[in-house]
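Have a look at the structure below before the remarks.
Taken together, the values in this text are just the output of simple stated rules run on the coordinates, not laboratory data. Since this is a predicted model, take the numbers as computed values, not measurements. When we count neighbours, we look across all protein chains shown, and the Cβ atoms used for this are built from the backbone with ideal geometry, even at glycine.
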Amino acid sequence: MTADDRVSIHVEPGDGARRVPRLSDLRDLASRLKFAPQDGRIWLDEQRMLLLHAADYAVLRRQLLDTLGLEATRALLTRLGYAAGSRDAALALKLRGRKSLGDAFAVGPQLHALEGFVAVEPVRIEVDVERGIHYVEQLWHDSLEASAHLEADGVAAHPVCWMQIGYASGFNSALFGRPILFREVQCRATGAPHCRIVGKPVDQWCDDDEGAEEDLRFLRPEDFVNTALLKRAEPLRQADGRPVDAREQAFMVGASSGFVSACHKLQQVASTNATVLLLGETGVGKERFARMLHRLSRRAEGPFVALNCAAIPENLLEAELFGVERGAYTGATESRKGRFERADRGTLFLDEIGTLNEAAQAKLLRALQEREIERVGGSAARRIDVRVVAATNVDLARRAREGQFRADLFYRLNVFPIQVPPLRERRDDIPLLLQHFAERYGAEHGKHHPGFTHRAISALLNYDYPGNVRELENLIERAIILAPDGAPLDRQHLFESELSETDPVLALDRSGAILPAGLATAPAEADEALLSDLVERALDAAVPLDALELAAMKEAVRRADGNLSLAARQLGISRAQLAYRLDKQK
Ligand SMILES: [Zn+2]
């Protein structure tokens, strides 16, 4: 732990002077704000921004209140602000992460001012990551939202700066990796001279703080699922009808546009009986989406049955899906229901659908078309009422075109495809997911951690997550176990070595287990452009394939200082394979 994980600013109040950051303090931020009128764009670093008339924002806000009502408008704006704040926290770490935590912390108020919302004056700031202390009190001058409200509605009965309060919560939560709730204890819209906000860790607001519980409702990470979605969802039940663990229920967390658009599609299709195809890389959470779809559907009271087609040996797959009649084959001593029958009046989730063999594909097609199945070794057709949700991480359309997957089955499955984005395309959700998993695994392993150090947050926000949400989840669980109880989670608890945070140091193998990057059995997808370039050059120069292979192996061995295991890892083959191939070429 370093002094780096502490910020302390204490301003004696009452002298009436207004202390907002001097412009020179935010030159690094201002230099990231670029106007590119020829392209019709405004950039804040790599984010496209929008210059909107404040008067129009006031109208928009008024119309939201009219159409959605107070509760939903407040929730929407709070989360919008939260997402912006957490995005700006990522920028803070990028620009000032190597400076002190105080410098990074200052980015929030400074960007909030630069973006035109409010001038922030610190009153008291005490942050000590190691000791779990987080207290921030600030004054807001000339709040945009307060003005908008006063203009449209006159004096308010309650604080109204929802988007801004969401921003402060999002910025602090993301920067410190623990849920920080900001509340407006006074607001200019209610007639006060300025707004006053206080931020504390969620667990330090107590029941005595009037309204804290209510404010919190708009910011629980699990609510970012899209409250509308969750509210409508039936609790997920186990086979015996008991509801599944609450923590499991609330998994889907996110506020990024990719995630929200996938949720929106889910919502659209849920109430129908349509077959749904979930597309996305390994680890993006396709099963969670399938579960949510089930909960939102009219079948929510029925069973949810899941099967990973790749996990079942090919010769057992048909029996697993469609059931077996007694005596169908040696060993089939009694009749057994398959997954289809068990999912009757419910939802059947078939993961890795691309691995089904021809026979199983034919039977699945029939089940989808005729709504009936036959057990293996049986001849009676059984009616079934099952909604199929399939998932795949391969390009099924291409496989169908190339004849490796039945085209007619593909079209049946592809009625309503939903793309679940990889984590690297929804980075905005990382802070929310961090909190969610830290809370969850802290409780599960009986450990308390006062958040993450800013080194850790910086590493986590910059990492590429080849294994997606599942990898992030595994990283957090491991860190919770490794870190001493009561200590903040630091980078060394998350990542094995002190490699640069942009290097993927861990990767997932095909079973989803975490391994050091070089050991993962699934080698990283080769860069297609690079590959085609190499091939072209080799063909042009008429280099024989053997020579190409030998050169690659020799170079890998040279780079690994003769360590064959290490060289083999770099090449994505086993040590034995490397030794054999080298020997063969001698
Ligand atoms: Zn206010």
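General remarks:
- Model label points for L482 and N273, set 7 angstrom from Cα along the Cα-to-Cβ axis, are 5.1 nm apart.
- The V394 and A192 beta-carbon pair, evaluated with R₀ = 51 Å, returns a calculated FRET efficiency of approximately 0.30.
- Sorted peptide list for 421-434, 169-182, 533-546, criterion being average Cβ within 10 angstrom, highest first: 169-182, 421-434, 533-546
- Centroid-to-centroid separation of region 22-90 and region 102-153 [C-alpha atoms, Å]: 15 Å
- With Cα atoms defining each centre, region 357-390 and region 255-277 are spaced 26 Å apart in the structure.
- In this simple spin-label model, placing a label point 7 Å from the Cα along the Cα-to-Cβ direction at both R62 and D385 gives a separation of 5.1 nm.
- Spin-label pair A156/L539, simplified geometry with 7 Å Cα→Cβ offset, distance in nm: 6.5 nm
- Protection-proxy order for peptides 310-316, 454-460, 391-397, each taking the mean of Cβ atoms within 10 Å per residue, highest first: 454-460, 391-397, 310-316
- Computed over region 423-503, Cα set: Rg, Dmax in Å: 11.6, 33
- When you count the other C-beta atoms within 10 angstrom of each residue and take the mean per peptide, 349-356, 71-78, 154-161 line up highest first as 349-356, 71-78, 154-161.
- Of K94/K200; K286/K447; K265/K286, those spanning more than 19 Å from alpha-carbon to alpha-carbon: K94/K200; K286/K447
- Dipole of region 423-503 computed with +1 at Lys/Arg Cβ and -1 at Asp/Glu Cβ about the Cα centre; of Q435, A456, P466, farthest Cα towards the positive end is Q435.
- Full-stretch length increase - A55, Q577 - with 0.36 nm per residue and alpha-carbon distance subtracted: 181.1 nm
- Set of region 356-392 residues, backbone N closer than 14 Å to the point 7 Å along the Cα-Cβ line of R401: none
- Using the Cβ-Cβ distance between A311 and I133 with R0 = 45 Å, the FRET efficiency computed as 1/(1 + (r/R0)^6) comes to roughly 0.45.
- Gain on full extension, evaluated as 0.36 nm per residue between S532 and A560 minus their Cα-Cα distance, stands at 7.5 nm.
- For region 3-219, the Stokes-Einstein estimate of translational diffusion at 25 °C and a viscosity of 0.890 mPa s comes to 138 µm²/s, using the Kirkwood hydrodynamic radius over alpha-carbon pairs.
- Extension gain, D103-T330: 0.36 nm per intervening residue step, less the Cα-Cα distance, totals 74.5 nm.
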